[in-house]
Structures are given as C-alpha cells and as structure tokens.
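Remarks on the structure that follows.
The values are calculated or read from the model by the stated rules, or taken from the named source; none is laboratory data. These numbers were taken from a predicted model, which means no experiment stands behind them. Here the Cβ positions follow ideal geometry from the backbone for every residue, glycine too, while neighbour counts run over all protein chains shown. When the accessible area is computed, the model is the full protein with side chains, heavy atoms only, and any ligands, DNA or RNA have been set aside. Shrake-Rupley method; radii C 1.70, N 1.55, O 1.52, S 1.80 Å.
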Amino acid sequence: MALILITGGAGFIGSHLTRHLLAARHTVRILDCLAPQIHGQVPTGLDWLNGPGVDFIHGSVTDELVVRKALQGVTTVVHLAAETGTGQSMYEIARYNSVNVGGTALLLDVLANDRHRSVNRIVLASSRSIYGEGAYNCPSCNNQKRHYPDGRNMAQLSEHRWEHSCPTCGDNLEPVATHEDDPAKPASIYAATKYAQEDLVRVACSALGVDYAILRLQNVYGEGQSLNNPYTGILSIFSTRVRRGQHLPIFEDGHETRDFVHVQDVANSFLAAVQSPSALSAVINVGVGTKTSVAEIAAHLSVSFGVSPDLLMTKEYRLGDIRHNFADIKRLQKILGYQPEINLATGMQRFARWVQRQVLPEDKLNQANFELKSRGLMGE
Ligand SMILES: NC(=O)c1ccc[n+]([C@@H]2O[C@H](COP(=O)([O-])OP(=O)(O)OC[C@H]3O[C@@H](n4cnc5c(N)ncnc54)[C@H](O)[C@@H]3O)[C@@H](O)[C@H]2O)c1
C-alpha cells in the first residue's frame, strides 16, 4: 500500500489533505515541527495526528536524521513545510532560506544518496507569488501584448501609484490570468524561496528519474487556517478583528485583487496529483481563475459573520506585496482533471461558521505591522 509523506502535514492544507488521503485509503506519515508561530506555544486540536492511519514524526525538515527516518518506505512525498509570511520574509531572510530552500535541498539530498529509494513522486506546494506582479494587457494599445511589470518599489508606493502603467502609452495596465509559462519574477524573499524550491525539485527529480508535480497555489482560505499567525492569511487576520468589533484596515486603495481558492479545492488538487496514474513532470496553477478585490473580500467576510462591513482605507502599503494576480487554471483541468467546486459564498460561510467555534485569538496585526514599519518595509 502507498505510504505518503506530508511535510508540514499538521498545518492548514496538510490537515485537509490528510483527511482526503485517509478517505482514499492511503497511509499517511506526517513530518511537522508544530511551529509556534502557526500552532501557538501550546498546540491544540491536533489529537488526529495520533489517530488511525497517521504516523506522526515531530521534527524539522532541516534535521537530516529526522528527514532520513521520515522518508523510509515512502512512495510519494507531498512537500508543504515552509515559512509562509510574505512581509516577514523581507527581514527574516536567513530563516526563510534555511527552512524553505535548505529543507527542500536536504529532502532531495537524502533521496539522491539513498540507493534503496522508494519515492517515485514529489508533489511540491509552490505559490502564485513566484509570478511577482503577474501578467497584464494594455487596454489602450489594444494589441494583446503581455506585459510583466517589475515589482513596485517604495518610491512608487509612497506616491500611491498603485497600478502598473503601460511602457508605451502610460495608461493603466489591466491584469490578465497568469499561466504557467509566464515568466517567474519573485517580488519578495518568500517568493524567491518558493521559486528556488521549484528549481530544486524540477532539476533533482529529472536527474533522479522521480516524477514531480509543482502546484502553484493562489490565496488559500478556509476552515483550519491558522488564526495565530499574523504574518499571513488575510481572512484569518480580518476574522479576528471582525469578532473583536474592530474596523478592517485595507491596504492601498482596496482595489488590489487576489484569486481566493477554498482549501477543499486545494486538497482535492493535491489528491489528484498524488493519485494520477500517468507521469506528471508538470507545473500547475491551483486557483479558481477569478479575481476578487481585497475590499470586496473584506466586505464579504463581514457579511458572512452577520455584521455590516467596517472598512478603513488606510492607504498603507508593504514592500513585496503584489497588486493583482489570478490564475489561468486550464492546466489544472487538463492534467489533473480537476475543476474547483466551492464558490466564494459557500466557502466564506463555511469559514465563518468554523471561526466562530474557535477560541478568540489575540489581534497581533499591529505587532506584525510595527515590525515592518520599523524596518522601512511598510509605509502610508
Ligand atoms: N495557504 C496559502 O494561501 C498558500 C498559498 C500558496 C502557497 N502555499 C504553500 O502551501 C504550503 C502549506 O501552507 P499552509 O497554508 O498549510 O501553511 P501552514 O503554516 O498552515 O502549515 C505549514 C506547516 O509546516 C510546518 N512547518 C514549518 N516549518 C517547518 C519545519 N522546519 N519542519 C517541519 N514542519 C514545518 C508548520 O508547523 C505547519 O504545520 C506552504 O509550502 C506554503 O508556502 C500556501
């Protein structure tokens, strides 16, 4: 029977994927260090790690002995373990590099040196962030040329020039769906480490004859996402503020957009990648393929909690944030045969119902913003 190793399997996406894999009668091994930033100082709600069908190893992907042990007898690795805060990555560069790049390199190193290797597929969780600002057209030039603007710098952001402009006519560019062959242009350290993970997996797997799938996830939301981590997860950060009766601070002008995909659709995409009977060797976007602005999602969330939206346009901005991104998901459908099922209204209701059953967390947003402002990485 297949033994699937999920690194970072105790986290948001990993916990959903584990349920899907167990339901499909796989055996799952989880390697996770239960990072306090995500799980709190005293992790709770993780009894399922010791439940039937799950073999839990408490340790880090940066520890060689632990990684060796975790890989024994495994047929497929789903590599999720990572540091995930875009803003935080801009000043904790060595830590992000060590866990995300170093951890991936170690995993592949152990595999490359194992003459009795049982692993035949690696599925990596990558990120839409690797596209940086993503792809655009100019509606005025109307020539279908794809533009890939550079990341926005502090000078541009401080003048509140949020949108990208056409190098030919100067008008605002319009975002179009990024597809997997668009160039990678990471605009944050987090994104740079995710892109490095992709390269390591692609090159090592090709050399070792191991199949791989790289799933570039858009903004994942849903039940089970960390409510403790103030460095990532806009909906969990906002949900805490809604429950505390606080306004929702909206960066820039609120018209920046993301592709919000429910965690059930993400877990199903991973399941399809794990179970695919044909070799993959592919990079695949995972999203719903539509864009929603941050102001819209904040209002939607408030309504899901049964309160009137209390949005405050702060005009704050963070270096490394991108303006727009949404995915072309044709390859998800073509290669993995998967079509997202959860629409935003259903997903938000499910998320809000789940949040209301959780202990009310501290609001650590000000602390996270202070860390950025004190380093000149955030302005207003
Ligand atoms: N959630 C999203 O919106 C999103 C979007 C794009 C990509 N991703 C990627 O998906 C993956 C999973 O994300 P998630 O949302 O489930 O994150 P998460 O923070 O909920 O889970 C990550 C898990 O990894 C564990 N971990 C962290 N460092 C580790 C280490 N050194 N060794 C072992 N375990 C470690 C944590 O304890 C946690 O359980 C990540 O690679 C992330 O970059 C997530």
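A few notes on this one:
- Of the set (1) surrounded by fewer than 15 Cβ atoms within 10 Å (Cβ to Cβ); (2) touching a Ser or Thr at 6+ places or on another chain (Cβ under 9 Å); (3) assigned to a helix (DSSP H, G or I), all apply to C169 but (3).
- Out of G254, G289, sole residue that is more than 30 Å from G209 (Cβ to Cβ) and in contact (Cβ under 8 Å) with a residue 60 or more places away in the chain: G289
- Of the residues in segment 265-278, not one is acidic (D, E), crowded, with 19+ Cβ neighbours inside 10 Å, farther than 16 Å from R350 by Cα and under 21 Å from the mean Cα position of the chain (by Cα).
- Restricting segment 77-117 to residues that are within 13 Å of the ligand (Cβ to nearest atom) and charged (D, E, K, R), the residue that is nearest to V210 (Cα to Cα) is E83.
- Number of residues in segment 13-43 that are outside any helix (DSSP H, G or I) and either free of Cβ contacts under 8 Å to residues at least 40 places away in the same chain or within 13 Å of the ligand (Cβ to nearest atom) (or both) equals 14.
- Of the residues P149, P230, the single one that is part of a loop (DSSP other than H, G, I, E, B), in contact with an Asp or Glu (Cβ under 9 Å, 6 or more places away or on another chain), crowded, with 17+ Cβ neighbours inside 10 Å and without any contact (Cβ under 8 Å) to a residue 60 or more places away in the chain is P149.
- Qualifying positions in segment 48-63 - open to solvent by 70 Å² or more (accessible area, probe 1.4 Å) and more than 15 Å from the ligand (Cβ to nearest atom): N50, P52
- Qualifying position, being at pLDDT 95 or above, of a type in the set (V, I, T) and within 12 Å of the ligand (Cβ to nearest atom), among V203, V263: V263
- A search for C-beta distances below 9 Å between a residue of segment 131-143 that is on the phi < 0 side of the Ramachandran plot and part of a loop (DSSP other than H, G, I, E, B) and any residue that is at pLDDT 95 or above and among the aromatic types (F, W, Y), counting only pairs 6+ apart in sequence or on different chains, returns E133/Y148.
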